1. State whether one or more residues within the range 207-220 are over 19 Å from ARG7 (Cα atoms) and hydroxyl-bearing (Ser, Thr, Tyr).
2. For the range 127-209, list the strands (runs of 3 or more DSSP E) that sit wholly inside it and hold at least 2 residues that are in contact with a helix residue (DSSP H, G or I) (Cβ under 8 Å, 6 or more places away or on another chain) and of a type outside the set (Asp, Glu); which are they?
3. Could you say which residue among LEU209, LEU187 is under 15 Å from ILE277 (Cα atoms), among the hydrophobic types (A, V, I, L, M, F, W, C), buried (at least 18 other Cβ atoms within 10 Å of the Cβ) and touching a strand residue (DSSP E or B) at 6+ places or on another chain (Cβ under 6 Å)?
4. Looking at the range 1-89, what strands (runs of 3 or more DSSP E) fall wholly within it and have at least 3 residues that are farther than 21 Å from GLY170 by Cα?
5. Restricting to the range 244-280, what's the tally of residues that are farther than 20 Å from ARG207 by Cα and modelled with pLDDT of 95 or more?
6. For the range 52-61, how many residues are within 10 Å of ALA28 (Cβ to Cβ) and in contact (Cβ under 8 Å) with a residue 40 or more places away in the chain?
7. Across the range 190-200, which residue is surrounded by the most Cβ atoms within 10 Å (Cβ to Cβ) among those that are under 30 Å from PHE22 (Cβ atoms), of a type outside the set (Ser, Thr, Tyr) and touching a residue at least 24 places away in the same chain (Cβ under 8 Å)?
8. Looking only at residues that are aromatic (Phe, Trp, Tyr) and buried (at least 18 other Cβ atoms within 10 Å of the Cβ) in the range 234-281, which one is farthest from the chain's Cα centre (by Cα)?
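The values are calculated or read from the model by the stated rules, or taken from the named source; none is laboratory data. This one's a predicted model, so the numbers in the text were calculated from it and none came from an experiment. Note that each Cβ is placed from the backbone with ideal geometry, even for glycine, and that neighbours are counted across all protein chains shown.
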Amino acid sequence: MKIILSRKGCDSSAGGCASPIFHDDRIASLPIPDEYGPSTYRDIASSLPDFPTVGDLFDALGRPLATRHAHLDPDLNAMSRPRARGWRPTFGQDEAAEGHLRNNGITIGDLFLFFGWFQDVTSHAGRLHRAPNGRDIYLIFGWLQVGRIVRLGEGETAPGWTHEHPHHFGNRSTNNTLYIASDQLTLPGISTSSPGAGAFDRLHERRVLTASGARLKSSWSVPAWFMDGGPSLTFHRDPQRWERKGEHAQLRIVGRGQEFILDTSRHPEAVSWANEIVRAV
């Protein structure tokens, strides 16, 4: 099994802001804009009572995007939009990032852990502001284990309920692909009752990638076994990016790249690590 750390959601270049962390550690990952997306931000329901739609969140953050179209991908929450019968969480990828997934043999049973940029916010007079001295971190916000792969760019037919996914719209490459979630999370050697995909609604320390107290969110702290036998996380095989610190390793992540892949055949500890991330409450 391979684990893919997949960078998704708004950032400084797409959307222009971080996703919010509220005072009670609730979180909401904000999808990036997409002029071809089938839904506007105002069409996408939020899980937050004070902000019925993602458009309301952008209004509160002072970002004039509420009526813009969105790239709701990964699409993990059944309550985000009205759903056709049979809907399942789905993730789409194409172009160079999909090429990297294919070159590394990503297949059924492999596990995406989606992470993004998050900051603490405070609320005042109906507006959300970055909290002074608040966290500025990369955080895992969801997961998807691959249950089915549909090569849209090669003419494969996708289930009808996928037809409102953003990767059915716009100018897509010939390697345009959908990854559809498995029914249940299945991990080698571990009994699990978790679903095959989902989104977290709260921050948990196990899901924080940025090192505690780090000046830059790109400075990560991960288990030391990531370095065993030499660094093998794709895009991060340069030993100079790594520093072992006791039971942890500090990693300076690359500025570009979406899909960072770890092979559990080299790092079997990664299976229980991923399970702990999904199960943490």
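1. yes
2. Those strands (runs of 3 or more DSSP E) span 127-130, 136-150, 177-181.
3. On the way: LEU187 fails: touching a strand residue (DSSP E or B) at 6+ places or on another chain (Cβ under 6 Å).
Going through LEU209, LEU187 in turn, the sole match is LEU209.
4. Numbers: elements: 2-7, 19-21, 45-48, 51-53, 69-71.
Result: 2-7, 19-21, 45-48, 51-53.
5. So the answer is 2.
6. To start, the set of residues in the range 52-61 that are within 10 Å of ALA28 (Cβ to Cβ) comprises 54, 57.
Now narrow it down to the ones that are in contact (Cβ under 8 Å) with a residue 40 or more places away in the chain: 57.
Qualifying residue count for the region: 1.
7. Taking the range 190-200 and keeping what is under 30 Å from PHE22 (Cβ atoms), we get 192-200.
Next, from what is left, pick out any that are of a type outside the set (Ser, Thr, Tyr): 195-200.
Still in the running and touching a residue at least 24 places away in the same chain (Cβ under 8 Å): 196-200.
Working: GLY196: 19, ALA197: 30, GLY198: 17, ALA199: 20, PHE200: 21.
My answer is ALA197.
8. Step one: of the range 234-281, the residues aromatic (Phe, Trp, Tyr) are 235, 242, 260, 273.
Checking the rest, the ones that are also buried (at least 18 other Cβ atoms within 10 Å of the Cβ) come to 242, 260, 273.
Numbers: TRP242: 23, PHE260: 12, TRP273: 17 Å.
Taking the candidates together, the pick is TRP242.
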